[in-house]
Amino acid sequence: LDPAWVAEAAAHIMQAKDRVLQGCARFSSELRERGMLHEELLSRIWRQGFARHQRQLLELLQALDLLMPWQHEKGTAAALPSAAPHQVFLVPALLPPKPPRSAGEPACAAEDDSIVIYLDFHGLLHRLLPTMFPRMLCTLSRTEAAAQILSVHSNYALFAFSSQGQARGDSARSLGGRRQVQKLLVSLQPCGGGELLRCCIRPRRVGAGADARVSERPSWRQTDRLLHAFRDALAAWMPHVGFRAGVRCPVCCHQPHSVDLHAILSDEMPLCPRSLEPLEELPLWLESWRAHLRPHSSLPPETLTVEATTSCEMGVPMATPQSGIHLEYLYASPLDACALDIRAEMEVLVSLPGLSELNIRTATTETLVEVCRSVRGITCGSSVGPQGGLPRVLCLSAHCAADPLTSTGRQPCLLLEDSVGCGHRVAAEDLGHLLGAVGVAFDAVMINACHSEHAAPLFIAAGAKYVVACAGKVFDAAARVFLRSFLTTLATEGGGVPAAFAAAQRSVRLSPQPGLRSEADRFRLHAGNDLMSSSDAEDILQSTPRTSAPLPLLQVEQSPTLRMRPWLLQPVEDFIGRSSIMASIASHLNGHRRAVWLHGPRGRGKSALATEICRFYGLPGDRIFSPMIPAGDNQSKHKGSMLGGAILVRLGGLEPDEAIARVQRALGGDNVLTSASNVDSKMGGRRWLLVLDGVDALVGEQPSTASTCDSFTDFHSTLEKLLQETERLRLLLTSRRPLYTMQLPCKIVFEELSSLAPEDAALLMLRRAHRPLYPRDFDASNTNDSGASGAWGDPVHLHGRRQQLLQQLAAHKLFEVVGHAPGDVADAASAITNELPSLFRHPALLSHIAAAG
C-alpha cells in the first residue's frame, strides 16, 4: 500500500468539486454545495488509476473518516435506486459553512423556551470538526429511532429527536397508535472562539401563520438523555475523547463563561468559579434537576444547619453527634513544576458537608512530620489529636516524579515544596524512613497525584489503615470528583473507607463528563498489605446500611475556611518563565530584608509578576505569606475572616492622597498606620506582604541618576512609618525606573525584571497566537500570500518535538525585531491570525525591513 497513492485518490475527490465531468454536472454541484459525493461521480473520478481497487479504497477512506456513507438526505436518497446500498457519501472536508442569517429573519425560538448547554472538549473541538458532526449524527440516527437529521454544515448541525424517548415511542407503535411523536430541535454550533460547542434544545413549532404554536418545552430529562446519547456516540467514534457539559454563568453577565453542570448538580451551594459568588438564579429546568437529585435540599434552612461547637446547658457540656471527619489537607505545587489547580481543590473542600475540622497546610517535609505527630497526639507531650471517634483523613495533593540524580535510574519520588516554593524531590526510600520515624496514624490517606501507587505501601507500613493512590495519569477533574464523593460519603453516610471508596469510584464512573468515566479504575485502595479490588469495595458498599437522610451541614459562621475564597486570586493567564525571579524575591523577603523594588521597562510583565507572587505565596497553608485565621477573637473586626496574607494594591496613575486612601481601604481600616499595626499584632509571628504596583507617579519617573529625595512626599512618609510601626510587614514596590536614593528604615533590594528566555518567549507566542504554526512560517522562500489556512498543510505541534520546535521558533527573524519582553511578544502574537500567510509577512517584520531599506 503506497500512502502517496491513497493520498492522490483522496485528492481527486477534493478537486472534483471544481471540475465539470460530462453527465455529472448535477453531482459535481452537490459535492461543491453540500459535500455529497454520488457513486456515479466517484466512478468517473477514479476511472483512471483507481477503478480496479475502488472497493478497497472506499473502505480505507471510510476508516480514515474522509468519506462517510450517507442516506440521511431526503432529496438525495430519492434520486437514486433504493436497492443499491451506500450510493451516496458525505465528504466532511467539503461541508460548506452555514449561511449567515439575514437581518429580517426571525429567531427560531424564544430564549425562555430553550435549554442551552455548552460542551467543552478540552481544547480538541477545532480538531474534531467538521468530522464530528456527521459521525455523531449518524450514530444518533441509529440509536434514536425518532432522530431526524435536518442539516449539516462545517460549523453547524440541526436535528430533531423525540421528546418522549425511545421506550414510549416503541410502546405507542406496538399499540397501533398513530399519534404524532412530539419532537424537539437540537442545534450544534461552535462558540467561544472555537473552544466550546453550543447545544441548544428548543421546542418545534407546529402549524403555520396564526395557527402556529410551540410544542412541548424541553426539560432536564431530555437534556440528560441527550447528553448520554452524545457520550455514547462520541465513545463509539473516539473512546479516549470526552467532554464536559456546562451552562452559562448567571452571575457574570459582563464576562460570560460556562459553569460545570456536574458541579451545579452535586454541590449544596454551587459557586461561580471566577467570581466565587453563589449561583442563585438558575434556570427552572436546572432547578428541577437539582431538586430531583437533591430531594433533601428543599427542607427549611434551619433543619440543615447545626452548631459545630459543643453546646453547654447549666454548666454541663452536652455531647455533639459523632459525625463528620477530621481532614488534614496538604498541597505541593512548586514554582518549577506544572501548576496544580489548588484553587479548584480548595473550592471542593469548602463545599463539603460533614467536615468537623479542616487544616490546610503546604506539603513540605516539615509540615508532613508535624501533621503526622499532631494526629498521633504527641506534639510537645500533650494530647492534641482530633475529636475522638471521628475518621482521620490525610489528603496529599502533589506531583510524583522520577529523580534524575539517583544512580539507580529513574527512581520514583514525591515532589514537595521547600521554604520558598521550589520543588523538593523526596525519593521513595527517604519518604519511607521519614514516615516510619513519625508514624502515620490516619484512618485514610489519599495521595492525590499521578503515578502515586508506589507511595501507598510506605504509608501502610508507617501505620495508615487505608491508602488511596492513583495508577498512571489521572485527569484533574476526575480527581476532584473522586475527592468530593469520597470525603462526603465518609463524613455523612458511614460505612467506613471501603464503602466511601466504592461510592467515589461509582461517582467518577457515572460522571456526566464522558471523558472521566474511564478514570474510575485508576484509583486504587490499599488496605494493609493487600490491594482491594473494585468488586470487593462495591460489595462492602452494597452491604453497608445507609442513613435515611444526609447529615446536617456545618454552619457557615462556624467555619472560617468558608470565607477564604476572596483571598484566592485568579492565576495570570499564560504566565511563563518567571519562577527564578519569584524565588529570588521570596528568598529576600523570607530572610532579613523587608523591602524589594522590582523595576523594568514597559511590557516586561511587572504587574503580572506581582499578581502571581500574591497568588502563589498568599495561598492558605504554610507559604511565606499565607493568611492568618484568627481564633475566635470576639472583639476583632476581622473575626471569621483572614488576616494578613499578600495584599495587592494597584497605584498606577494615582496621586499620593489617592494612593494612601487605596492602601487604607486594602488594609480594612480608617487609618493606614493603625490598621497595619492591628494586623501585624495578630499575625502570630507570621509575615505578611503589601504589594504596591505602579508607583511611578508617586516617586517620579526621571532616571535614577537624576533622582533626588530631598523632600519626602506624604507617600514616602507613609511607607517609612509603616515599616517603623510594624515588625512582620514586607513591602514589594514595582515601577518602570528605580529610585535608588529613596530612604526607608531598612535597605531596599532592587531587582530588575529582564526579558524572557528565548524559548519561553517562543512558548508564549505559541500560546497567544490565534492560529497554529505551519511549515511555511519557517520557510523564508515561501512568500505566496494566496490560499486559505486549510491549504497550508498540517500544522506543527509541540507533542514529541517540543524542544526542537521552540528552538526553531526562538531563532526566527521575527524575534530579532519584536524582542523577548512578554508584552511585545503578546502584541506580536495577536497579529498571527488566519489572514497572515506566514510569519515572514508579519507587520512588525515588514515595517522593520521597510525602515531599514
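The values are calculated or read from the model by the stated rules, or taken from the named source; none is laboratory data. None of these values were measured; they are calculated from a predicted model. Here the Cβ positions follow ideal geometry from the backbone for every residue, glycine too, while neighbour counts run over all protein chains shown. The area values use the complete protein model at the heavy-atom level, side chains included, leaving out ligands, DNA and RNA. Shrake-Rupley method; radii C 1.70, N 1.55, O 1.52, S 1.80 Å.
Separation of segment 120-150 and segment 22-37 by C-alpha centroid, Å? Segment 120-150 and segment 22-37 have Cα centres spaced 24 Å from each other. The calculated FRET efficiency for Ala4 paired with His770, based on their beta-carbon distance and R0 = 35 Å, is about 0.60.
For Glu453, the solvent-accessible surface computed with a 1.4 Å probe is close to 50 Å², ligands and nucleic acids excluded. Residue ranking by accessible heavy-atom surface, 1.4 Å probe, largest first, among Asp65, Asp418 comes out as Asp418, Asp65. Of Arg730, Arg768, the residue with the largest accessible area leads and the full order is Arg768, Arg730 (1.4 Å probe).
Sequentially through segment 656-661, phi angles give Karplus couplings (6.51, -1.76, 1.60; θ = phi - 60°) of x, 4, 5, 5, 5, 5 Hz, Gly and Pro residues having no value and appearing as x. Look at the Cα gyration tensor of segment 753-853: its axes a ≥ b ≥ c give a/c of at least 1.5 with a/b at or below b/c, and that counts as oblate. Using only the C-alpha atoms, the convex hull of segment 21-61 corresponds to 68 Å³ per residue.
Each residue of segment 601-615 is assigned a 3J(HN,Hα), and the resulting list reads x, 4, x, 6, x, 5, 5, 5, 5, 4, 5, 5, 5, 5, 5 Hz, derived from the Karplus form 6.51 cos²θ - 1.76 cosθ + 1.60 (θ = phi - 60°), x at Gly and Pro.
Positive contributions from Lys and Arg (+1) and negative ones from Asp and Glu (-1), summed over other residues with Cβ under 12 Å from the Cβ of Pro256, come out at +3. Here the extension length gained between Glu725 and Arg343 equals 134.2 nm, from 0.36 nm per residue of separation less the Cα-Cα distance. Each label point was placed 7 Å from the Cα along the Cα-to-Cβ direction; for Arg52 and Ser587 their separation is 7.2 nm. Ordered by 1.4 Å accessible area with all protein chains kept, Lys98, Lys747, Lys17 run largest first as Lys747, Lys98, Lys17. Overall, the accessible surface of segment 1-63 at a probe of 1.4 angstrom is composed of carbon and sulfur to the extent of 49 percent. For Ser219, the solvent-accessible surface with a 1.4 Å probe is about 40 Å², rounded to the nearest 10. The accessible area of Glu655, taken with all protein chains in place and a 1.4 Å probe, comes to roughly 120 Å².
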